[in-house]
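For reference, the structure discussed in these notes is given below.
Each reported figure results from applying straightforward, stated rules to the coordinates on display, with no laboratory input. All values derive from a computational prediction rather than experimental measurement. Using ideal geometry, Cβ is built from the backbone for each residue, glycine included, and neighbour counts are taken over all protein chains shown.
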Amino acid sequence: MLGCVIAIAGCDTTIPPSTSRPSASPAELAGSTNPGGLGSNQKDVDSKLEPESSGHAPLSPVDSDPRLTTSTKVSSPISTNSGLAMDKHSNQESPTNQIQYNSLTEQESYVIIRKGTERAGIGEYTDNKKLGTYTCRRCNAPLYNADSKFDSHCGWPSFDDELPGAVTRNVDADGYRTEIVCANCGGHLGHVFFNEGFTTKNTRHCVNSISMKFYEAGAELPTVIK
């Protein structure tokens with residue numbers, strides 16, 4: 001060990017001070033980690049997902065909003081800049097993309113952009129029975145017709161089919177669930193599940209109400225932002 005006296009062949013040999021390890025620089029100290037895990041100044045969000053029996057995986061919410069799940073805390077502010085668009089393949093924000101989507105509130109941004117989850121049973125459209133069309137709240141793209149909506153009693157709006165080409169499916173980070181996103185803008189919608197027996201299609205799109213807007217039958221739909 002440096003700076004210590006080492007016994008070799010019965011003799012004491014002292015390591016010269018000049019060969020000892022230099023002190024850590026301020027930059028190294030700032031990036032060090034504590035025994036509990038991440039460093040004190042880290043800005044990463046814990047990515048571990050914990051499945052719920054209802055099908056959704058809660059992520060870090062804005063703690064003050066009762067509509068969002070509260071399993072983890074966000075260590076950095078949530079961006080509400082609607083000018084940050086998503087790459088359709090990576091679902092990551094891209095500052096260079098100039099598409100101006102609809103403005104989002106902090107809570108909407110958390111779910112749609114940060115892939116958060118709305119609390120069960122309180123969504124605006126969970127019990128909606130009216131005929132019409134559900135569109136993406138971020139880009140106005142039509143997603144579901146009301147005739148594909150059914151009661152699953154899971155706590156979120158459920159659909160057994162999407163409009164053609166409206167939804168993209170991606171394997172979730174946990175490797176078990178399948179995430180569904182708007183095919184036009186990449187905004188997070190929820191998850192899709194199969195073979196549960198709710199309808200003859202054996203498919204359940206479990207969607208956050210906050211990811212959608214509903215237009216009653218006969219109402220003019222907004223222009224899709226592409």
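Within 10 Å, count the other beta carbons around each residue, average over each peptide in 196-203, 102-109, and list them highest first. If you can, show how the numbers build up before the last one.
Values: 196-203: 12.8, 102-109: 17.5.
Order by mean packing, descending: 102-109, 196-203.
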Estimated FRET transfer efficiency (Asp172, Val224; beta-carbon r; R0 25 Å; 0.05) = 0.45
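Taking a threshold of 18 Å on the Cα-Cα distance, which of the pairs Lys130/Lys226; Lys129/Lys226; Lys129/Lys149; Lys129/Lys201; Lys130/Lys201 fall above it?
Values: Lys130/Lys226 28 Å; Lys129/Lys226 29 Å; Lys129/Lys149 8 Å; Lys129/Lys201 20 Å; Lys130/Lys201 21 Å.
Beyond 18 Å: Lys130/Lys226; Lys129/Lys226; Lys129/Lys201; Lys130/Lys201.
First select every other residue whose beta carbon is under 15 angstrom from the beta carbon of Gly218; then total the charges, Lys and Arg +1, Asp and Glu -1. All intermediate terms of the calculation are to be shown ahead of the outcome.
Details: positive: Lys130; negative: Asp147, Glu216, Glu220.
Taking every Cβ under 15 Å from that of Gly218, the sum is -2.
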Where does the range 85-216 land on Rg/Rh, using Cα atoms and the Kirkwood Rh?
-> 0.94
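Equivalent-ellipsoid semi-axes (√(5λ), Cα gyration tensor) for the range 160-226, whole Å, largest first?
Working: eigenvalues 104, 53, 19 Å².
That gives 23, 16, 10 Å for the three semi-axes.
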For 117-124, 145-152, 185-192, ranked highest to lowest by mean beta-carbon neighbours within 10 Å, the order is 185-192, 117-124, 145-152
